[in-house]
Amino acid sequence: MCLPAWYSRRVLLALLWIFALPAVLAGLDSLRAGRRQVRTVEAEMASPPADWTPPVTLIVPVKGLEPGLAENLRSLAEQDYPDYELLVAVHDADDPAVELASGKARLVVAGPGHTGTGEKINSLLAAVAVARPASEVLAFADSDGVVSQGWLRGLVAPLRDPAVGAATGYRWYFPDRGGLWPMLRSVWNSTIAGSFGAGRAHFAWGGAMAVRRDVFERTRVAEFWRGAVSDDYRLTHAMRAAGLEIRFAPRAMVASGGDCTAGEFLSWAVRQMIITRAYSPGLWRTGLGAHVIYCGAMVLAAAAIAAGHLWAAVLLALVTLPGMWRGAMRVRVARRLFPDRAAWLDRHRAAYFWLTLPTTWIWLYVFLASARTRRIEWRGNVYELVGPAETRVVR
């Protein structure tokens, strides 16, 4: 059936407004959120570091000799903190990282652990079980990032407030040699970093999180972890179930380096979204819907322009430019969070503006790809994410 040209134009324009209006409003709201983030982070970083330093056990799960591991562990072992122990947890005593970690930390060999639980969580549970009795705070870090000397002090500080159950930082990717795909990964990841501001956080991130020991036990975090793969989402669930706040700690950011290929970046990003879909389906659905609307608005605006409606170019600009400008605002925040990397950020500032547009389409691809499966491969293991508290170890 061939529809009249005037009818097709009306349908196109109606769809354009249906998609473009919420996309424009969301973009403007994102700019407002970006300005709030700049103000709050600048104020937080301008204040003196906290002087509340209870005894801490810092736990780092490690598997294999990944690039930069020696420097990353050294940064964790040389914290400007008066009283803490560093535990490096491995699954296997024959892990090649054991020799590298020796002398920097106390080693914990987890062994097989709980059936149907992710290997990382088994390592964390084994380390928590042998943490020294004197430690009042349990802190967790990943092995693939380097931190400043004041990182642990900044991570622990929010826990002084009894309303706070857990504190968290986040990461920023600093590609060693630049390049398109490593920079796309950095820009893609920066959109998540941009969701954190000083104060309440939507979730804890496992590469930089801390919880008071009594809260860890009272909220039964260990029970939430069993049967899971995602340590941070399940700790988030435990805090929410107890009615406790998760607080973002700006001084607890982590710098991750390294390069990546297109395949490495995309497979990593899809895995992150499969985990999000399994452990936070509401957040996943919201993100998918937002990117369908945003990308749909761009396609429809381009179609309207091609059909002769040149005014749609203004609408296309209103859809795309706020997101690109927000990308540039994230660099301003990152300069405050990583003052020692200001020169790198200034050199790559333009990438966070121009690459925001293609990154939006990568986000859409990642969401759609993550909708097809619940199976992930992580550190040599294959898991089927049956549910938040149920994991099938495939291999």
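Quick look at the values:
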quantity	calculated
Flag if Pro55 is open to solvent by less than 60 Å² (accessible area, probe 1.4 Å) and more than 20 Å from the chain's Cα centre (by Cα)	yes
Any pair with Cβ under 9 angstrom, 6 or more apart, that starts in the stretch 86-112 at a residue that is within 22 Å of Ala208 (Cβ to Cβ) and ends at one that is in a strand (DSSP E or B) and among the basic types (Lys, Arg)	Leu86/Arg106; Leu87/Arg106; Val88/Arg106
Total residues in the stretch 82-106, condition within 26 Å of Gln149 (Cα to Cα), surrounded by fewer than 15 Cβ atoms within 10 Å (Cβ to Cβ) and of a type in the set (D, E, K, R)	2
Output for the stretch 332-350, where each listed residue is in contact (Cβ under 8 Å) with a residue 24 or more places away in the chain and either open to solvent by less than 20 Å² (accessible area, probe 1.4 Å) or not in a helix (DSSP H, G or I) (or both)	Val333, Ala334, Phe338, His348
In the stretch 147-176, residue nearest to Arg218 (Cα to Cα) [restricted to those that are of a type in the set (D, E, K, R) and surrounded by 18 or more Cβ atoms within 10 Å (Cβ to Cβ)]	Arg153
Residue match in the stretch 378-389 (condition: farther than 23 Å from Met273 by Cα, outside any loop (DSSP other than H, G, I, E, B) and open to solvent by 30 Å² or more (accessible area, probe 1.4 Å))	no
Residue within the stretch 362-377 that is open to solvent by less than 40 Å² (accessible area, probe 1.4 Å) and modelled with pLDDT under 95 present	yes
Selected residue (only one of Val60, Val24, Val109 is under 24 Å from the mean Cα position of the chain (by Cα) and surrounded by 12 or more Cβ atoms within 10 Å (Cβ to Cβ))	Val60
Identity of the residue in the stretch 137-146, modelled with pLDDT of 95 or more and open to solvent by less than 20 Å² (accessible area, probe 1.4 Å), that ends up nearest to Leu69 (Cα to Cα)	Ala141
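The values are calculated or read from the model by the stated rules, or taken from the named source; none is laboratory data. Please read these numbers as outputs of a predicted model, since none were measured by experiment. Methodologically, a virtual Cβ is constructed for each residue, glycine included, from the backbone with ideal geometry; neighbour enumeration extends over all protein chains shown. Each accessible area value is taken on the protein alone, full model and side chains, heavy atoms only, with ligands, DNA and RNA left out. Shrake-Rupley method; radii C 1.70, N 1.55, O 1.52, S 1.80 Å.
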